[in-house]
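All of the numbers you see were taken from the coordinates with simple rules; none came from a lab. Please read these numbers as outputs of a predicted model, since none were measured by experiment. Neighbour counts are summed over all protein chains in view; Cβ atoms, including those assigned to glycine, are modelled from backbone coordinates with ideal geometry.
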Amino acid sequence: MFRLSVLVLNLLLVSHEFSAGTAKIEIQPLPALCNGYCFSTLKPVMEYVAIHQDKWNTCTEILANETRKDQIQLNVQLDALKADVSNIKASQLSKDEKLDRMEQEQFAIHESLETINRYLTVKLDRTKLQLEAIKNTMDYKKAQMDGYFSAIIGIQCVQPGFEKIGDRYFYIEEDVELNWLDAQAKCRRMGGHLASIKTKQEFDAIVEKLDDSKSYFLGVNENTKTGEFVSAASGKSGLYHEWGPGEPHHNND
């Protein structure tokens, strides 16, 4: 406002000097010239300035207050924006941390599953080996038990007077002399039949048990074809026989 007053004053002075100069050029001392005239000329301007000075000050204060309010509002909005950005960053950081933690947990779970799988595989293989060993042991024990049962059954089924020669049981009659048919019938009553020799080893083993002074009947005949001996019990051929001098006898005695 001071600059505006000075500017108006300067304009008035210039205008006054210009009009005075055109009417009459006269040199007078400056104080005498401006003493009353300048004051009377500037008085309205000064009064106008004085009257409106409060209004201008009020406007200035209002503008300053509005500016401060706007600045405060902008600062508040800026702070809120900064807070939002901070929250977003914190949220993103929290999400990243959660994601990292989830990845670590997933990796740990994967490692645990791999460890469990390896452990179960080793345990399963060990269990298979143990089961196989148990099966082999059971098979061996079963074979032993079968052998024991067979031996027990064989012992229980063997009639008195039978003895094992080779892998079969034979009854050799030494006391009672019978003809072939009666001997065959007696063998059947005892649960067997007249013996037919299968191999030379069996023949030699039986001969060692016999009395050389006696004759013994075998369960073979040649009823189908002369000279071809077959088993009287099964009718099968291919039997082993080794006859002594004058044998075989073809009568029933």
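Restricting to region 164-207, name every residue that is among the small types (Gly, Ala, Ser) and more than 13 Å from GLY219 (Cβ to Cβ).
Of everything in region 164-207, those that are among the small types (Gly, Ala, Ser) and more than 13 Å from GLY219 (Cβ to Cβ) turn out to be GLY166, GLY191, ALA205.
Would you mind finding the one in GLN92, GLN104, GLN53, GLN73 that is over 30 Å from GLU173 (Cβ atoms) and touching a residue at least 24 places away in the same chain (Cβ under 8 Å)?
Sole residue among the options that is over 30 Å from GLU173 (Cβ atoms) and touching a residue at least 24 places away in the same chain (Cβ under 8 Å): GLN53.
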